Amino acid sequence: MIAGTGVDIVETERIFKAIQNGSFLNKYYTEAEQKLIEERKSRAASNFAGKEAVAKALGTGFTKFMPSDIEILRTKTGAPYVLLHNKAMETAKSLGINYIHISLSDTKSTAIAYVITEY
């Protein structure tokens, strides 16, 4: 059963400028995500949108955990998936969330994420 939904859209250029700052990169992205961003810069924007969408789908925003507690990686075929850590994992467990579906898309100027959480 669906527990929540979240969507977010960001301007890629704003995120590209922000990741030039090492503290922003470390605050928002895990080491594994930073490696993905090194491979393909557009993932910085889509992952940022994904983190925002997950926080919205959980219904808390970033009031209970940090953006780096949400990790968005890719399978070998490129499909995105979400791993929760620390307080984000605790929040999801307390809400009874068992699975998070995520879809990401980007263009030259924007990135969008859509998330569905399930009980």
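Using square roots of five times the C-alpha gyration tensor eigenvalues, list the equivalent-ellipsoid semi-axes of the chain in whole Å, biggest first.
Numbers: eigenvalues 98, 45, 33 Å².
In descending order the semi-axes read 22, 15, 13 Å.
Region 73-119: which trypsin sites (Lys or Arg not before Pro) are DSSP loop and have at most 10 other beta-carbon atoms within 10 angstrom?
Lys76, Lys108
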The chain, dipole about Cα centre (Lys/Arg Cβ +1, Asp/Glu Cβ -1), debye to the nearest 20:
100 debye
On a 0 to 90 degree scale, rounded to 10, what angle separates helix 86-95 from the longest Cα axis of the chain?
40 degrees
Per-bin percent of Cα-Cα distances, region 66-116 [10 Å]
21, 50, 24, 4
Would you work out which of Leu73, Ser109, Ala55 lies farthest towards the positive end of the dipole of region 43-119? Charges go on Cβ: Lys and Arg +1, Asp and Glu -1.
Ser109
Distance in nm between pseudo-label sites at Glu118 and Lys76 (7 Å out along the Cβ direction from Cα):
2.3 nm
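Please work out how much length the chain gains when fully extended from Phe62 to His101, using 0.36 nm per residue of separation minus the C-alpha to C-alpha distance, in nm with one decimal.
On the way: separation 39, 0.36 × 39 = 14.04 nm, distance 1.88 nm.
Here the segment from Phe62 to His101 would lengthen by 12.2 nm.
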Which whole-number percentage describes the relative contact order of the chain, with Cα contacts under 8 Å and a sequence gap of 6 or more?
38 percent
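The numbers here are math on the coordinates, done by the rules we state, and not lab data. Fair warning: this is a prediction, and the values are worked out from it, not measured in the lab. Quick reminder, even Gly has a Cβ in these numbers, built from the backbone with ideal geometry, and neighbours come from all protein chains shown.
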